[in-house]
Amino acid sequence: MPKSTRAVIALGSNLGDRGEHIQSAASEIGELAGVKLHKLSKVVESFAVTPEGIDQTKPKYLNAVALVDTSLKAKELLAALQSVETSHGRVRIERWGSRTLDLDIITYGDSVKSGKELTLPHPRAYQRPFVLVPWAQVDPDAVLPGHGSVAELAAEMDGEVWFL
């Protein structure tokens, strides 16, 4: 693989066979041209988050974090991940709505940028235990640009997710 960049990808699902969506998506990510799956976290479960906050009436999410090395540019990686989501029946109707599969690029190397299609690092990652806790599990020395140690951030919210 040509020069590669380490990226952190969050995987989530709260519809259908959630565990199957997470596991097969992780495999599919590792099979993408220009992407090598380095590590996959253990799966955690969490309550759904909506624009109004945590909603315990919606189906719970399963989440994981994948560390990948990629020769793809950030927008190319995003497009590849969106094709994986689509293959799992992802429909984009409601912002932060329930979904079969959600794949988010959390970090792409040390890139910091804000755009219409992609903001890096992910603008709400620092608030999300379902990202931070599994990320800290696979990379305890990770740093979230602009927010500090992932392990320290995760320690403050580890009771908000449950390892399966």
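The values are calculated or read from the model by the stated rules, or taken from the named source; none is laboratory data. Since we're looking at a predicted model, the values are computed, not measured. All Cβ positions, even for glycine, are placed from backbone atoms using ideal geometry, and neighbour counts span all protein chains on display. For accessibility, only protein heavy atoms count, side chains too; no ligands or nucleic acids. Shrake-Rupley method; radii C 1.70, N 1.55, O 1.52, S 1.80 Å.
Observations on the model:
- The range 1-15: number of residues that are more than 21 Å from Gly109 (Cβ to Cβ) and open to solvent by 30 Å² or more (accessible area, probe 1.4 Å): 1
- Number of positions in the range 86-110 that are closer than 30 Å to Gly148 by Cβ and in contact (Cβ under 8 Å) with a residue 60 or more places away in the chain: 10
Listed here are the residues, each with its yes/no results for (1) in contact with a His (Cβ under 9 Å, 6 or more places away or on another chain); (2) open to solvent by 10 Å² or more (accessible area, probe 1.4 Å); (3) of a type in the set (Val, Ile, Thr).
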{"residue": "Gln82", "(1), (2), (3)": "no, yes, no"}
{"residue": "Thr100", "(1), (2), (3)": "yes, yes, yes"}
{"residue": "Ser114", "(1), (2), (3)": "no, yes, no"}
{"residue": "Glu117", "(1), (2), (3)": "no, yes, no"}
{"residue": "Leu132", "(1), (2), (3)": "no, no, no"}
{"residue": "Ser149", "(1), (2), (3)": "no, yes, no"}
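- Exactly one residue out of Asp102, Asp69, Asp110 is within 12 Å of the chain's Cα centre (by Cα) and acidic (Asp, Glu): that is Asp102.
- Flag for Ala25 being without any contact (Cβ under 8 Å) to a residue 60 or more places away in the chain and assigned to a helix (DSSP H, G or I): no
- Residue list for the range 16-36, restricted to those being surrounded by 18 or more Cβ atoms within 10 Å (Cβ to Cβ) and in contact with a strand residue (DSSP E or B) (Cβ under 9 Å, 6 or more places away or on another chain): Arg18, His21, Ile22, Ala25, Ala26, Ile29, Leu32, Val35
- A count restricted to the range 14-61 and to residues that are β-branched (Val, Ile, Thr), over 14 Å from the mean Cα position of the chain (by Cα) and within 23 Å of Leu77 (Cα to Cα) stands at 1.
- Residues within the range 48-80 that are buried (at least 18 other Cβ atoms within 10 Å of the Cβ) and either in contact with a helix residue (DSSP H, G or I) (Cβ under 9 Å, 6 or more places away or on another chain) or free of Cβ contacts under 8 Å to residues at least 12 places away in the same chain (or both), tallied: 12
- Tally of residues being among the hydrophobic types (A, V, I, L, M, F, W, C), assigned to a loop (DSSP other than H, G, I, E, B) and on the phi < 0 side of the Ramachandran plot across the range 95-115: 2
- The lone exception for His88 - which of (1) in contact with a helix residue (DSSP H, G or I) (Cβ under 7 Å, 6 or more places away or on another chain); (2) open to solvent by 60 Å² or more (accessible area, probe 1.4 Å) it fails: (2)
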